[in-house]
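The values are calculated or read from the model by the stated rules, or taken from the named source; none is laboratory data. The model shown is predicted, which means the values in this text are computed figures rather than measured ones. Here the Cβ positions follow ideal geometry from the backbone for every residue, glycine too, while neighbour counts run over all protein chains shown. These accessible areas exclude ligands, DNA and RNA; they are computed on the full protein's heavy atoms, side chains included. Shrake-Rupley method; radii C 1.70, N 1.55, O 1.52, S 1.80 Å.
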Amino acid sequence: MGRKLDPSRKEKRGPGRKARKQRGAEVELARFLPPEPETGRKKLSSHGRRRAAKRRLGAGSGPAGRRPLGGKGRGGEEEPEPTGQAARGRSGFSDGNSKWLAPAKAKKTQPKGNHVELSSDGEVEEGWEMEEDDDGSSEEMVDDYGASSSEEEELLPIEKAALKQKPDREGLSEDDSEEEEEEEEEEEEASKQKMGQKEEGPDLQLNLDIDEQFKLPTSEEIEKEDILFISEPPDLHLIHQRIQGNMEVLQDFGAKREEGRSRQEYLALLRRDMAAYYSYSDFLLTKLMDIFPLPELVNFLEANEVPRPVTIRTNTLKTRRRDLAQALINRGVNLDPLGKWSKTGLVIYDSTVPIGATPEYLAGHYMLQGASSLLPVMALAPQENERILDMCCAPGGKTSYIAQLMKNTGMILANDSSAERLRSVVGNLHRLGVTNAVVSNCDGRQFPKVLGGFDRVLLDAPCSGTGVISKDPAVKTNKDEKDILRCAHLQKELILSAIDSVNAASETGGYIVYCTCSIMVEENEWVVDYALKKRNVRLVATGLDFGKEGFTRFKDRRFHPSLKCTRRFYPHTHNMDGFFIAKFKKFSNAIPQAQKDEEPAVEAAAPSPVPDTITEPPPKKKKLEGSKADKEQKLPQPALKKKHSLQAQRKPLKA
């Protein structure tokens, strides 16, 4: 469907861009259309038909202004009355005068007014004006009633003037239309540029105002904002602009600060704005501002708003990474190797199938595991046929990775204090095909009493979770100082138990790896420095080529210089969860004797003391008690009675 193209119609050349049409279409279409007849017909308009009817009705009366029949011709001479066939032609049309009435095949003349033309039914219509015939006569066409075909005399003056101007318009129409179109295009472009300048003007001026000088809001303005925050949501765009301006001032504080304003005022406003913009508690944001410089702090906060990429670990007990990658690609998974530092990791960009429900996953060919969770096992570097303890093993990713590196040899004791979380551990170990693991449900702080003498120990201690905010945004607001100190106290107890569980005389081992998914100094460097003072251990290199060094000084505290061997990982620099890793080497099973004298001082400095029961190894007490019982059995009965009587006398004193 659509409008049909009529090549005979003249295209309209409007002045605007929308009215512009492709030129030359009539020429191209003329090749495919049938040729037009030489005697073109043109329909009369309604006005022309009315005038033709008037001429028929008023032919007999001879309207004024027309030349009557038998009157003077064009030259002023009288014309003779037609006789015979000519007279019959005047009174009506016949076959004899059809040639005379047919329009001549001569060239077209310039139209003057409304001209006459022969219609299909023999009537004279407006159209072409006749020129000289073959005989050389220059008579005009006459209608049925003998009226002249020239109607210039009956036109109004204004119509005559319009007809005179029409040829000039037609000759200049094409050139004028092109010029008008070009002029209008130029005007449109100029108007667009003006509008663009008007629109950009305020924004550019606003940016200049911001860049020129940042002014701190007054206390009254801050109070008004606080009142508005209660009823309405904050204007995040305004807060973001204020954060940027504030940071620019703090980076060049001496040159850009306001007179009479201190650095603490700028920092307080920045902390308040960041807490409102990123939805952090004031306590946690203060801690983060102590750890990171200001530009790095913004990058860290922005990285926590973006989820980390999905990573999987290939289970080399059942398949190879190349085969697994090919199988997943065939299922519509877009993936890449995790990095040069990992031989088993794969990063998943997108997938048409659920990663946790593929046949390969159910068959135990891979494990969904974060990239940062691979690093502690790589630092531990387990060897075949060793005895290894995973003190906090749930959900089993690190345990299965250790078994994979050991090729299902030796023995792994997978322990966790939560019985519910151990269900996932058992399920993953069965699915992945691990056969050298023993699962236990014990408190890690009591583990030296349960079993000891391990070659290596991995302690993934429970922490505040400040490194995995992208997974758990609730950490932004639900952590306070008590939670941090409570976690630090538990971690100090666990790390001492882990050190006591390792055999320093092991031929291949004697290593302890301590790691947390937190970036707080109280949970990382502080705990490691405490372990260095309490046990005969030293820090060694983790074997990881990347990562930032740990802190040797933080605010007013000074840590052991060997803490440079520890490694920190951040989401904004390494694109993985925040993590801390430290590797110890135990060089003696003996406990330092100086700890009894230093204990009060350490307890005063530390926020949470370590109980005295840890200082003496409980297995030795058990041995002593067993030897005393054997001696009592060997003694005779009278001696036993005397001994019991003496013990009964001493009991009140003990109470």
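Looking across 288, 324, 317, one residue alone is in a helix (DSSP H, G or I) and within 20 Å of residue 377 (Cβ to Cβ). It is 324. Here residue 545 meets each of (1) in a loop (DSSP other than H, G, I, E, B); (2) surrounded by fewer than 20 Cβ atoms within 10 Å (Cβ to Cβ); (3) in contact with a strand residue (DSSP E or B) (Cβ under 9 Å, 6 or more places away or on another chain) with one exception, condition (3). Scanning region 237-256 for residues that are farther than 18 Å from residue 289 by Cα and among the small types (Gly, Ala, Ser) gives 254, 255. In region 426-433 there is at least one residue matching the filter, namely being part of a helix (DSSP H, G or I), under 34 Å from the mean Cα position of the chain (by Cα), over 26 Å from residue 304 (Cβ atoms) and assigned by the TED database to the domain that holds residue 521. Can you pull out the residues in region 426-452 that are over 17 Å from residue 391 (Cα atoms), open to solvent by 30 Å² or more (accessible area, probe 1.4 Å) and either touching a helix residue (DSSP H, G or I) at 6+ places or on another chain (Cβ under 9 Å) or of a type in the set (Val, Ile, Thr) (or both)? Answer for region 426-452, where residues must be over 17 Å from residue 391 (Cα atoms), open to solvent by 30 Å² or more (accessible area, probe 1.4 Å) and either touching a helix residue (DSSP H, G or I) at 6+ places or on another chain (Cβ under 9 Å) or of a type in the set (Val, Ile, Thr) (or both): 431, 435. Annotation note: Cβ proximity below 6 Å between a residue of region 479-496 that is not assigned by the TED database to the domain that holds residue 444 and a residue that is assigned to a helix (DSSP H, G or I) (sequence gap 6+ or interchain) occurs for no pair. Sub-6 Å Cβ pairs linking a first residue in region 328-348 that is under 9 Å from residue 312 (Cβ atoms) to a second residue that is assigned to a strand (DSSP E or B) and open to solvent by 80 Å² or more (accessible area, probe 1.4 Å), at least 6 apart or interchain, number zero. Just one of the listed residues (267, 301) is under 30 Å from residue 555 (Cβ atoms) and within 23 Å of the chain's Cα centre (by Cα), namely 301.
Only one entry of 540, 528, 521 meets the criterion of being among the hydrophobic types (A, V, I, L, M, F, W, C), under 28 Å from residue 287 (Cβ atoms) and free of Cβ contacts under 8 Å to residues at least 60 places away in the same chain, and that entry is 528.
Go through region 561-587 and report how many residues are surrounded by fewer than 15 Cβ atoms within 10 Å (Cβ to Cβ) and either among the polar types (S, T, N, Q) or without any contact (Cβ under 8 Å) to a residue 40 or more places away in the chain (or both). Result for region 561-587: 2. Among the residues of this structure, residue 505 counts as one that is within 22 Å of residue 542 (Cα to Cα), part of a loop (DSSP other than H, G, I, E, B), among the hydrophobic types (A, V, I, L, M, F, W, C) and in contact (Cβ under 8 Å) with a residue 12 or more places away in the chain. Criterion first (in contact (Cβ under 8 Å) with a residue 60 or more places away in the chain and open to solvent by 20 Å² or more (accessible area, probe 1.4 Å)) does residue 472 satisfy it? Judged against the criteria, residue 472 is not a match.
Would you check if there is a residue in region 336-347 being among the basic types (Lys, Arg) and more than 16 Å from residue 434 (Cα to Cα)? Yes, that holds for at least one residue.
Summed over region 437-487, the residues that are closer than 21 Å to residue 528 by Cα, outside any loop (DSSP other than H, G, I, E, B) and in contact with a Gly (Cβ under 7 Å, 6 or more places away or on another chain) give a count of 1. Of all the numbered requirements in (1) assigned by the TED database to the domain that holds residue 342; (2) open to solvent by 20 Å² or more (accessible area, probe 1.4 Å), residue 385 misses one, and that requirement is (1).
Okay, residues lined up against (1) buried (at least 18 other Cβ atoms within 10 Å of the Cβ); (2) in contact with a strand residue (DSSP E or B) (Cβ under 7 Å, 6 or more places away or on another chain); (3) under 21 Å from residue 580 (Cα atoms):
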position	(1), (2), (3)
296	no, no, yes
334	no, yes, no
372	yes, yes, yes
376	yes, yes, yes
393	yes, yes, yes
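Taken as a whole, the condition of being assigned by the TED database to the domain that holds residue 284 and surrounded by fewer than 20 Cβ atoms within 10 Å (Cβ to Cβ) does not apply to residue 330.
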